[in-house]
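Asker: The structure that follows is given in the form of structure tokens.
The values are calculated or read from the model by the stated rules, or taken from the named source; none is laboratory data. Here the structure is a predicted model, which means the values were calculated and not measured. Here Cβ is always computed from backbone atoms with ideal geometry, including for glycine, and neighbour counts include all displayed protein chains.
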């Protein structure tokens, strides 16, 4: 929760009209739309925000690369979190039971989730590199703990990850 809201301009995007209504009732600046469609943010200037945040949503988008490009354009830093579908529990469930990713579905069936892309940490790292983003910080959810310095098999052991990214061109002063 942001403690000092005096100098903060926040803006959110929600797909469902009911979600927008709830946010507006709480006094949040929210708009309806899809976050993975080009030209969604035409009224937002380049680097208008310090941070753009996408919390546990990127794997549910049809075009996650569009979201990453737009986050890079509108904000100096990008924060993203998502479940790691390459986690050992998912691999074991597929190997032993022949079923798709049950442990991370949290009570849903394969057909009743919005999961379109079962991405792994490796997938995400390759993509952000291709898009000219640099990983500044990573925090992993590891056996119930948040760990920032997991060096041994994070793609296998971490169940979720949070990344702080920055435009690699900004780091070079371009």
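Asker: Mind listing just one residue for me: the one in the range 17-44 that is at pLDDT 85 or above and within 22 Å of residue 116 (Cα to Cα) and, of those, surrounded by the fewest Cβ atoms within 10 Å (Cβ to Cβ)?
Answerer: 17
Asker: Same structure again: Looking at residue 47, is it at pLDDT below 80 and in a loop (DSSP other than H, G, I, E, B)? Steps first, answer last, please.
Answerer: Working: at pLDDT below 80: no; in a loop (DSSP other than H, G, I, E, B): yes.
Against the criterion (at pLDDT below 80 and in a loop (DSSP other than H, G, I, E, B)), residue 47 does not qualify.
Asker: Also: Please report, ordered by residue number, the helices (runs of 4 or more DSSP H) entirely within the range 60-174 with at least 3 residues that are closer than 18 Å to residue 49 by Cα and modelled with pLDDT under 85.
Answerer: Working: elements: 64-74, 88-97, 121-130, 154-157, 168-171.
The helices (runs of 4 or more DSSP H) meeting that bar are 168-171.
Asker: Kindly indicate whether residue 56 is at pLDDT below 90 and closer than 22 Å to residue 160 by Cα. Talk me through it step by step, then tell me what you get.
Answerer: Working: at pLDDT below 90: yes; closer than 22 Å to residue 160 by Cα: yes.
Judged against the criteria, residue 56 is a match.
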